[in-house]
1. Taking the C-alpha atoms of region 68-123, how large are the radius of gyration and the largest Cα-Cα span, Dmax, in Å?
2. Determine the calculated [θ] at 222 nm for the chain from helices alone, applying -39500 (n - 2.57) to every DSSP H run no shorter than 4 residues and normalising by the residue count; nearest 500 deg cm²/dmol.
3. Run the numbers on the chain and let me know its relative contact order in percent, using alpha-carbon pairs under 8 Å that are six or more apart.
4. Determine the dipole magnitude for region 60-118: charges of +1 sit on the beta-carbon of Lys and Arg, -1 on that of Asp and Glu, nothing else is charged, the reference point is the Cα centre, and the result goes in debye to the nearest 20.
5. Across the Cα atoms of region 16-98, what radius of gyration and what greatest pairwise Cα-Cα distance (Dmax) are found, in Å?
6. Output the direction-averaged projected area (hull surface divided by four) of the convex hull of the alpha-carbon atoms of the chain, in nm².
7. Looking at the chain as a GNM with Cα springs under 10 Å, which of Leu91, Leu63, Leu30 has the largest mean-square fluctuation?
8. Given the C-alpha centroids of region 9-55 and region 100-126, what is the distance between them in whole angstrom?
Amino acid sequence: MKKNPLQIIEFASPGLLRIFASMVYDSLLLAAISIAYGAIVVGLDVAIFGQPEAGQRIQWSLLAKIIITLGWLLVLMFFYIYFWQKFGQTLGMKTWRIQVVDAQTNQLIDYSQAAKRSAAAIVSIVFFGVGYWFKFVHPQQRLLHDLVSNTKLILLKKK
């Protein structure tokens, strides 16, 4: 019997609590990445400008603070972009059996989709999680950043 290649496969959508639980797991990894980023920034500052006097803190200009903060956000975004496009899931998502896929093909997403999803997720969080609560009103239970990036979250079967 021949299978229809255009057959649509439906996947379950993970619940919001499961999504938030995976975010807590990922936040532990992001904390470690943030500490490493801070150590690199401070190390570069000391290497370039020398060590501050005993008891003094490193003083950065407003422009330096903005650049450092933007660099930090880019590093955090890169974490998600890399894992989403390479594996479809971060470690937290893997633990909770969540995978992000292309909304039409159910395949791994590309860099462009991962970058859009990551940027939109930041906006979702900044505005009190509105992008996450959107799941309750969308007919396919997709998050706002899934709609922006043409992706969806699926719940994987237990192994």
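Derivation of every value follows stated rules applied to the coordinates shown; laboratory data play no part. These numbers were taken from a predicted model, which means no experiment stands behind them. When we count neighbours, we look across all protein chains shown, and the Cβ atoms used for this are built from the backbone with ideal geometry, even at glycine.
1. 11.4, 38
2. Details: 6 runs with 90 residues, N = 159.
Computed ellipticity for the chain at 222 nm equals -18500 deg cm²/dmol.
3. On the way: 160 pairs, mean separation 43.9, N = 159.
Reported relative contact order: 28 percent.
4. Numbers: 6 positive and 2 negative charges, 30 e Å.
So the magnitude is around 140 debye.
5. Reported Rg and Dmax, both Å: 16.6, 50.
6. Numbers: hull surface 51.4 nm².
Taking the Cα atoms of the chain, their convex hull projects to 12.9 nm² on average.
7. Residue with maximal mean-square fluctuation among Leu91, Leu63, Leu30: Leu63.
8. One Cα centre to the other: 19 Å.
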